[in-house]
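A quick write-up on the structure given underneath.
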Amino acid sequence: MASMPIVELATVLPGAVPFKEGNVSDTYRGQVLRHDLSTAHAVLKDVPPKELANELVSFVLARRLSLPIPDMLLAQAGAASLPVMKGPATRDGRRLVLASVDVNVPSVTFRYTNDVPGRARLLGAITAWSSLGRLYGFDAWIANVDRHAGNLLFGSGAEAWLIDHGHAFTGPAWIGSGLDSSAAYRHRLAEWLTNYLTVDGREMRARQAAALEADLKLIDINSAISAAHADRLLPPDDVTALRNFLTGRVREVAQLASAALGTPVLL
């Protein structure tokens, strides 16, 4: 399993342009300057602090589990570079935005066309993806209620990327007192993907999800929250609630993933 990643800080460069492709947040395409002075093309999202924390914590946890997720940066934007207003303000008056490095891979929604043979090939590739069971387990663990087909990028072969985790931990406006580590929150993969899996395929993915528990127990949640800068984006009570939620939910992953897959809980 990978070492604990740290969310990199970056700066938004002038020239970003807004776009709408089914995205709800104020979203832009532009370039960012990374800490090593290299530049990268990125999707920039102007979101409130809690949604920003959701994205960054989810990135750290996914990367720690070796799940495919684009580089996520915490980027500062001056008013002249990007007219944003939802993210936290820095001392010098700039705003913090989420920057997701562009991997140039289409979403499943984009590729899911009226081309019946093409759609069958795409679904075949997704259901054969070696990390699919771990994704069922991961989404159950972080209570990601928004893994619709637009939030899974799937390219040629088995190239896959997980994006858009603002609705992790039950949603972008969660309240600490409302986080229940044992609750079965919405699992979107169950709604659009599970039915395409065979019975044997579901059972295999359920076993993969259950095996994820051993990896989850090795993760230092406090370190992950700190690596995501979420301890500076969230008030202390929310940090504590999030840590307790993730810690307590580890033992629920097998059961919750099995429910999403429509299989009996595997012992």
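Observations on the model:
- Test: residue in region 126-136 that is touching a residue at least 40 places away in the same chain (Cβ under 8 Å), farther than 24 Å from D46 by Cβ and of a type in the set (V, I, T): yes
- Unique residue being among the basic types (K, R), over 27 Å from P264 (Cα atoms) and more than 17 Å from the chain's Cα centre (by Cα) when the list is R207, R232, R202: R232
- Flag if S226 is without any contact (Cβ under 8 Å) to a residue 40 or more places away in the chain, more than 30 Å from R119 (Cα to Cα) and hydroxyl-bearing (S, T, Y): yes
- Here is the figure for region 79-126: residues that are touching a strand residue (DSSP E or B) at 6+ places or on another chain (Cβ under 7 Å), among the hydroxyl-bearing types (S, T, Y) and under 26 Å from A149 (Cα atoms) total 2.
- Which listed residue, of V47, V43, is among the aliphatic types (A, V, I, L, M) and touching a helix residue (DSSP H, G or I) at 6+ places or on another chain (Cβ under 9 Å): V47
- Output for region 234-267, where each listed residue is under 18 Å from A173 (Cβ atoms) and among the charged types (D, E, K, R): D237, D238
- Failed condition for N144, given (1) buried (at least 17 other Cβ atoms within 10 Å of the Cβ); (2) in contact with a Lys or Arg (Cβ under 9 Å, 6 or more places away or on another chain); (3) assigned to a helix (DSSP H, G or I): (3)
Computed from the coordinates by the stated procedures, all read-outs in this text should not be read as laboratory data. Just so it is clear, the model here is predicted, and its values are computed rather than measured. FYI the Cβ positions are ideal-geometry reconstructions off the backbone, even for glycines, and counts take in every protein chain you see.
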